[in-house]
Every structure is written in C-alpha cells, then in structure tokens.
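Working notes, beginning with the structure itself.
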Amino acid sequence: MQNRIREWLEKAAKPQERDLTMTFPEYTARFPELGFYGLAGHTRTPRDVLQQARDAEALGIGNLMISERADYKEISAICGAVAAVTENIFIGTSATNLNTRHPNITASVGSTLNRLSEGRFALGLAKGVGLRWQAMSLDYPTYAREKEFIDIMRKLWRGESIANHQGELGHFPYLSTAPYLNEDIPILYVGFGLKSLRHAGTCYDGTHLHTFMSDQALADAVAAVRSGEAHAGRTAGSVKNWSVLATACNVSDEVYLQYIIARLATYLQIPGYGENLVAVNHWDMDILHRFREDPAVKAVGGMIDSVASTAQLAKIEPLIPHSWRPAAVGSPKECAQRWVDQFEAGADGVIIHASTPEEFAPVLSEYEKIRPIERFAGRTNRPG
C-alpha cells in the first residue's frame, strides 16, 4: 500500500516542465547589518507591520524579523503581507517552531514565501517552552529533532522526496513537496542557551539571539556558536550572529515602561524562560523568585506586555535591577553607541527591538558617524 501511495504522489507531483529555477538578485541595503523587529511584543493591529516594513526599507534597513503569537500574529500570513509591500528588505520568522506544522507544510510555507518575496525569506526556528508543548501534546524539539528537521527542509526545498522516513521526528511514509522546487532559504536558530547555541553552530545558517543579554552574555553566545562551527568542521564565521537590542530613543517615562519594563518583565514571568535568561546573564536567581512572588506581578493576571496597565508597570519597575536592563536607551548618540557595542562584543548584526522605524530613525544619523564600515564590506541583506 505504501509503495502504491508513493508512486501515485510522485506521478501527481511531476510537472510537464521540471526546470523552473529562478535566479534572484543579491539584495543590498544601506545598512545590511541592521534589522528590526516588526510588531514588537503584543499587538491587536497586525496591519501596522506593513507601514513599519515600508519605513524600514526606506531607511535602508537590511532585514525584518517577525515573532509569532497565537492571537493576531500568525507568521506566514504576516510575512506574506510584508513581501507584497516591499522589494528589497529580507523577511524572517523570529520565530516559529518545527513541531507545530507538518514538515511538508513548513517546507511549503518557506518555498511560497521565498517565491512571493523573490528570494527574501529566512526561516527562524525556536525551541519554545516545554510547558507549552505539554499543553499542546507536542514533542519537545530536541537537538536531534532540530537537525533532522533542518535536513528535511533543505532536501524538500531542493525538490527531493523522502520515502519511509524513520527518525527522531517520527515515521513519515512519504515526504515531498514538488520535484521542481529549488529554493535557497537560510535557516536561523532563535534562542540564547549556550548548549543550544553550540548546537546551532553545527547546522544553522545564523542565530538570532535575545533581548536583554549583556555584552558579556553576547560574547559568550557568539563563542558558543563558533565552538559548534569548529566541532562540525564548518568554516569559522560562516554562521551570522544577530544581537537583539531593545532601543528606546528619547522616550517618555510611560513609553520606557512599555518598551523596556513590560517586555523584560514578560520574559521573566515565563517558567523556564526567565530562568534561562537569568542564567546566561549570571544574574541572581533569588531576585527572579522575589519578582515572581511580588503582589505587583501577581496582580497583573496575564502576560505583562499584553494586559498590564501603566500604573501596574510603574509598580513592577522597581523590582527589576537596572543592571538587568541592557538596552539602547537615551539620546540618539547614546543609542547609536550601544548598537556599535554589539559589534564589539562579537555580533555580526543588530536587530532593533521595541521601537518602530519612525522612532529609531534619529539614531541612524548618529550611527552612520561611528559605523564600523570595514566590518560590512561585501555584505548583503541575507541574514544567514
């Protein structure tokens, strides 16, 4: 029966003309080393990302990364909308998960978005949180499952079929999209644990790190990726590492609470997630425990960046030490220097988080004055 099914699928997938290869340009912007986070945090108006994307492209930003939430941020829909209103900026998921879609579906999402954007799509994958997978009755994405999934994606994007797959991901009698596919799509690891980053260095094209990592934590993360590269015999520096830096340029106290405190507090709320962020920064775990037990946090009754009022955030703010807030805050000149600090710590690129392009535009003119141009010779917008 399985052989008959495979033969039927192969026959149905065979086109009249197999060679549909397309050559896309090498997209290059004014600042290929800079990206930004579209629809940062929670949103109820996903259409906002269209203007954000157009503004970022006009400013010369090289790539746009979009996170996924199970409300108004279904990732493939948003990436498709952005592809339709832009021409040069790279578009990436930051991130989706390997275990929430069938491999054929994820491969089709990637190939469709890559053609829709004319070669400007990157697939970012994250492990997610164990409690979520338990609630959804899904397997945790182990290192073995990650690597296997990446191998499958690359084969399917080359138009290959996989018969009787038996592995860490499970048993698939037949995996196939179409034999005429020929897509070169970078795959990025989105995360920050050192063991995970060493693994990422062995098989991913790039890494997208985490907001609120100190410069030392960033340097440690890059070193872990390079160690993974060396272990796998890959060319040193072949994996691009992106720092994610919350940026709040000349903002009001209320906006600071939203952009810095709400975002960091939400990360710290999540069991397992908060512990990992504290660990990579070598922060005090007791402070995290006191934060979670504080009445001001418990009174919110949900994800802080989604439902907390300004008054609630003002009560939460003193619970988070200033040393736990590595970000670009202050004048355009101060923020620009913090962007450059990320490159000094080892990052290959910076993803500007929290602010919209309209808000961080003043920082670009100051950044251009101190931009380490020699680092970016020959760079394109491709993030991995």
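Of the residues that make up region 177-189, is at least one assigned by TED's automatic domain parsing to the domain that holds MET22, under 25 Å from ASN63 (Cα atoms) and surrounded by fewer than 17 Cβ atoms within 10 Å (Cβ to Cβ)?
yes
Looking at region 324-365, which of the residues that are in a strand (DSSP E or B) and closer than 11 Å to SER243 by Cβ is nearest to the chain's Cα centre (by Cα)?
ILE351
Would region 102-112 turn up any residue that is assigned by TED's automatic domain parsing to the domain that holds SER196, among the hydroxyl-bearing types (Ser, Thr, Tyr) and not in a helix (DSSP H, G or I)?
no
Within region 254-296, track down each residue that is among the β-branched types (Val, Ile, Thr) and either surrounded by fewer than 19 Cβ atoms within 10 Å (Cβ to Cβ) or over 17 Å from PHE212 (Cβ atoms) (or both).
VAL255, ILE270, ILE287
Quick check: is even one residue across region 138-158 touching a Pro at 6+ places or on another chain (Cβ under 7 Å), small (Gly, Ala, Ser) and either part of a loop (DSSP other than H, G, I, E, B) or surrounded by fewer than 18 Cβ atoms within 10 Å (Cβ to Cβ) (or both)?
Taking every residue of region 138-158 in turn, none turns out to be touching a Pro at 6+ places or on another chain (Cβ under 7 Å), small (Gly, Ala, Ser) and either part of a loop (DSSP other than H, G, I, E, B) or surrounded by fewer than 18 Cβ atoms within 10 Å (Cβ to Cβ) (or both).
For region 192-209, name all the residues that are of a type outside the set (Ser, Thr, Tyr) and either buried (at least 23 other Cβ atoms within 10 Å of the Cβ) or not assigned by TED's automatic domain parsing to the domain that holds ILE150 (or both). Full working, then the answer.
Our first condition is that a residue be of a type outside the set (Ser, Thr, Tyr); within region 192-209, this holds for 192-195, 197-201, 203, 205-206, 208-209.
Listed by number, the residues that qualify are PHE192, LEU197, HIS199, ALA200, GLY201, GLY206, HIS208, LEU209.
If you scan region 346-384, which residues turn out to be among the hydroxyl-bearing types (Ser, Thr, Tyr) and surrounded by fewer than 17 Cβ atoms within 10 Å (Cβ to Cβ)?
Across region 346-384, the qualifying residues are SER365, THR380.
How many residues does region 191-236 contain that are in a loop (DSSP other than H, G, I, E, B) and closer than 23 Å to TRP324 by Cα?
9
Of these, GLY119, GLY124, which one is assigned to a loop (DSSP other than H, G, I, E, B) and either in contact with a Gly (Cβ under 8 Å, 6 or more places away or on another chain) or within 23 Å of CYS79 (Cα to Cα) (or both)? So that I can check it myself, show each step before the final result.
Details: GLY124 fails: assigned to a loop (DSSP other than H, G, I, E, B).
Result of the check over GLY119, GLY124: GLY119.
The values are calculated or read from the model by the stated rules, or taken from the named source; none is laboratory data. None of these values were measured; they are calculated from a predicted model. As a convention, Cβ positions derive from the backbone with ideal geometry for all residues, glycine included, and neighbour counts pool all protein chains shown.
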